[in-house]
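K.L.:
Structure in structure tokens, see below.
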Amino acid sequence: MMIEKYISALLYRYQCVIVPGFGAFLTEVQSASFNQASQTFFPPKKSISFNAQLLHNDGLLANHIALEEGISYAKAVIVISQCVSQWKRQLAHDQTVYIKPIGSLQLNATAQLIFEPQLSTNYLTSSFGLSTVSAPAIGRAEILETPSEQKPIITLASRRVRKYNFLKYAAVFVVAGSIGGTIYKQEHDAFIAQETLEVEKAVQEKVDHQIQQATFFIEKPLTPVVLTVKEAVVIKPYHIVASAFKSEENAAKAAAELAKKGFDSSFLEKNKYGLHPVLYGSYANLAEAQQAMRAIHKKHNKEAWLLVK
């Protein structure tokens with residue numbers, strides 16, 4: 001049985017898919033980008049990476065195969081183990097393992113696994129239907145102006161004199177009209193300001209008179225109103241998973257053990273695979289969760305993984 005299609009299906013929904021005994025495929029959301037060299041816009045996507053240190057069986061892949069194939073969980077674990085053994089044999093013989101449509105794996109000179117993702121597959125569901133867009137640079141052509149032949153201008157002296165005289169009188173009329181318009185505007189503005197001031201005075205006198213005649217009284221004191229402000233609810237969708245148990249009692253015990261070690265531990269409700277994920281902690285943003293997970297990998301558990309829910 002080829003398990004590649006089941007790994008690929010889970011990468012659309014989960015940030016980490018562990019293949020027990022082999023490693024884990026991790027996804028990270030990348031925003032839209034522009035390639036200057038190829039003049040191409042790329043839509044948002046999930047980049048795929050591989051971590052050979054995450055080997056612990058969290059039950060996600062085995063449960064998914066069991067449900068899709070209609071087999072038991074134990075049988076699904078055996079199927080995964082057989083496929084992993086085949087991949088390891090290929091790598092031991094310096095062969096490349098192709099996990100379509102995710103990418104390929106091979107060993108380098110120092111016997112380390114090198115993962116090469118297949119860029120044509122975008123696991124970000126919100127980007128379905130979006131493709132790359134080419135935007136070639138727009139060239140600018142210079143327009144050269146050809147000088148046109150100049151025709152001689154023939155004017156009569158008398159006609160030029162009349163034109164100058166007309167312009168002179170027109171300028172005098174324009175200046176005079178501008179001065180008259182300015183004087184009229186100033187007088188009009190002063191009149192409007194005076195009228196406005198008189199109206200404001202009359203209104204203010206009327207208001208003052210009404211205030212003097214008014215009587216204010218309170219028949220019954222008002223009951224004080226106490227306002228309560230609810231604390232803002234902080235949503236923490238990023239969870240660092242330590243393990244998963246079918247029994248709620250076992251999950252509670254594991255969470256209590258982590259709490260004794262100083263973690264803000266808890267466990268989630270049973271998922272569709274029948275497991276209770278036990279958490280080291282939950283976080284509001286991805287950067288904070290990744291920083292905490294690196295610390296846990298270094299000091300406590302290298303097989304802890306990130307769940308987004």
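The values are calculated or read from the model by the stated rules, or taken from the named source; none is laboratory data. Please read these numbers as outputs of a predicted model, since none were measured by experiment. Reconstructed Cβ throughout: ideal geometry from the backbone, glycine too, with neighbour counts over all protein chains shown.
K.L.:
Would you mind stating whether A74 is surrounded by fewer than 14 Cβ atoms within 10 Å (Cβ to Cβ) and within 21 Å of N271 (Cβ to Cβ)?
P.N.:
Criteria met by A74.
K.L.:
Taking the stretch 70-129 as the region of interest, how many residues are touching a strand residue (DSSP E or B) at 6+ places or on another chain (Cβ under 6 Å) and in a strand (DSSP E or B)?
P.N.:
Of the residues in that region, 11 qualify.
K.L.:
Could you list, in sequence order, the residues of the stretch 52-69 that are surrounded by fewer than 18 Cβ atoms within 10 Å (Cβ to Cβ) and in contact with a strand residue (DSSP E or B) (Cβ under 6 Å, 6 or more places away or on another chain)?
P.N.:
The answer is A52, and nothing else.
K.L.:
For the stretch 2-18, check the following and say yes or no: at least one residue is in a loop (DSSP other than H, G, I, E, B) and basic (K, R).
P.N.:
Among the residues of the stretch 2-18, at least one is in a loop (DSSP other than H, G, I, E, B) and basic (K, R), which makes the answer yes.
For (1) outside the structural domain of F25 (by TED's automatic domain parsing); (2) modelled with pLDDT of 90 or more; (3) more than 15 Å from M1 (Cα to Cα), each residue gets a yes or a no:
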{"site": "I71", "(1), (2), (3)": "no, yes, no"}
{"site": "A76", "(1), (2), (3)": "no, yes, no"}
{"site": "Q82", "(1), (2), (3)": "no, yes, no"}
{"site": "R89", "(1), (2), (3)": "no, yes, yes"}
{"site": "N108", "(1), (2), (3)": "no, no, yes"}
{"site": "Q112", "(1), (2), (3)": "no, no, yes"}
